[in-house]
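Working notes for the structure below.
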Amino acid sequence: MKKKVLGVITARMASTRLPGKVLQKMAGKSVFEHHVERMKHVEGLDGVFLATSSDPLNKALIEEAERLDCGWFAGAEQDIVDRHIKLCEREKADAVIRVTCDSPIFDIDSTSEFVRDFHKEFRDYIFVGNMTMIQGTLTELISYKALCKVHDHYRGAAITSYIKENISEFKTLRKEIEVDLCRPEYRLTIDEAIDIEMIRKIYEALYHGKPLTLKEVYTWLDDNPMVGKMNMQVGIKGCEQQSANLMESPLYSVVRSGRKYVILDEHKRMVPPDVFYRAMGKLFPESTNERRA
């Protein structure tokens with residue numbers, strides 16, 4: 001029997017950093033509408049849904065979902081895992097493609113691959129392994145079975161942290177996206193006002209009524225470097241950083257960016273090489289003195 005996969009957008013109006021961000025406008029459409037539009041272009045989904053909380057503040061968001069012919073479920077405010085479980089149970093779904101409503105340029109192609117892979121063979125969790133989710137360009141597939149197991153141990157916002165920390169307990173599939181789409185120096189997620197200002201510039205320049213591709217976005221940002229740098233000083237939320245680093249907290253990371261490498265600090269912000277070299281000199285003064293000698 002064919003497995004059922006839902007596209008689920010996690011969103012609420014009471015964002016801690018930027019309340020109401022999900023209904024702010026970019027190129028004539030709300031942030032939420034851009035998410036719905038992208039999710040509807042993912043191949044193989046059995047419906048697109050909003051997973052929100054029962055807080056009365058979310059009434060306008062639910063009305064927006066209904067206007068867009070997007071299903072919705074309103075559940076617990078803090079127990080985000082339970083929202084997804086209840087939605088799966090109501091819709092008799094086997095898995096969800098999950099994205100939070102702060103990633104209006106998430107990659108449609110890799111998401112469609114996740115759905116195809118799940119239909120070929122059951123997996124508890126399918127994810128991209130050569131790029132972290134904190135830049136806002138990726139989704140993840142989580143089975144209903146895995147959600148229930150996670151719920152026994154965790155109920156917060158970083159839904160898949162328990163899976164990543166106990167990977168041997170789950171049947172997972174690690175995918176890799178095209179190397180030219182691994183651009184960790186660009187922050188394409190919305191947490192603060194400067195983020196939406198930066199992404200709004202991208203949409204105003206490139207959006208013509210259909211979903212943007214990551215390739216065209218990165219090409220435009222390379223040609224407009226000042227836009228790409230607008231939000232580079234914004235730090236990530238604690239739960240997102242923990243999910244990205246899991247058991248380690250590196251001071252610096254050297255990661256692949258397309259066909260070159262960039263340096264990121266502990267908050268996953270790009271660091272110029274000269275700043276990194278000075279920091280290394282302070283951390284390892286003996287090595288620096290030996291080179292001078």
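Look at H84, H34, H208, H119 and count the other Cβ atoms within 10 Å of each Cβ; fewest to most, that gives H208, H119, H34, H84.
Averaging Cα coordinates gives a centre for segment 1-45 and one for segment 96-163; these two points are 14 Å apart. Highest mean packing first, where packing is the average number of other Cβ atoms within 10 Å per residue, the peptides 104-115, 264-275 line up as 104-115, 264-275. If you take the square roots of the eigenvalues of the alpha-carbon gyration tensor of segment 1-120 and sort them as a ≥ b ≥ c, do you get rounded (a/c under 1.5), prolate (a/b over b/c) or oblate? Oblate shape, in that a/c is at least 1.5 and b/c is the bigger or equal ratio. Residue-wise HN-Hα couplings along segment 103-116, as the Karplus relation 6.51 cos²θ - 1.76 cosθ + 1.60 with θ = phi - 60° gives them from phi, are 10, x, 10, 5, 6, 6, 5, 5, 5, 5, 5, 4, 5, 4 Hz; Gly and Pro carry x.
Only DSSP H runs of four or more residues enter the estimate; each adds -39500 (n - 2.57), and after division by the residues of the chain the mean residue ellipticity at 222 nm equals -11000 deg cm²/dmol. The charge dipole of the chain, taken about the Cα centre with unit charges on the Cβ atoms of Lys, Arg (+1) and Asp, Glu (-1), comes to about 180 debye, rounded to the nearest 20.
Mind listing the long-range amide H neighbours of E140? Cut-off is under 5 Å, sequence gap 5 or more, other chains count too, H placed in the peptide plane at 1.01 Å from N. Close amide H contacts, sequence-distant or interchain: R98.
Derived scalar couplings between HN and Hα for segment 144-152 equal 4, 4, 5, 4, 5, 5, 4, 4, 5 Hz in order, rounded to whole Hz, by the Karplus curve 6.51 cos²θ - 1.76 cosθ + 1.60 (θ = phi - 60°), x for Gly and Pro. Relative contact order, whole percent, for segment 144-237 stands at 25, derived from Cα pairs under 8 Å and 6 or more residues apart. Using a cut-off of 10 Å between beta-carbons, work out the net charge of the residues near S257 (Lys and Arg +1, Asp and Glu -1, S257 not included). Summing Lys and Arg as +1 and Asp and Glu as -1 gives +2.
Taking the longest Cα principal axis of the chain as reference, the axis of helix 214-223 is set at about 30 degrees. Between R90 and R116, the modelled label-to-label distance comes to 3.2 nm, taking each label 7 Å out from Cα in the direction of the beta carbon. Taking all Cα pairs closer than 8 Å and separated by 6 or more residues, the relative contact order of the chain comes to 17 percent.
When both bridge partners sit in the chain, DSSP labels roughly 45% of those beta bridges antiparallel. Across the cross-link table entries K164/K210; K40/K175; K2/K29; K210/K268; K86/K201; K21/K120, which are compared at the Cα atoms, the separations over 32 Å belong to K164/K210; K2/K29; K86/K201; K21/K120.
Less than 5 angstrom separates the built amide H of V128 from those of K175, all sequence-distant by 5 or more or on a different chain. Tell me which label goes with the value of volume of the Cα convex hull per residue in Å³ computed from the coordinates here: (1) 214; (2) 153; (3) 138. Answer label, from the structure shown: (3).
Restricting segment 1-80 to chymotrypsin sites (Phe, Trp or Tyr not before Pro) that sit in a DSSP loop and have at most 11 other Cβ atoms within 10 Å of their own Cβ leaves nothing.
Bear in mind that the values in this text are calculations on the coordinates, not laboratory data. Only a predicted model underlies this, so the values are computations on that prediction, with no experimental measurement involved. Every residue, glycine among them, receives a Cβ derived from its backbone with ideal geometry; neighbour counts consider all protein chains shown.
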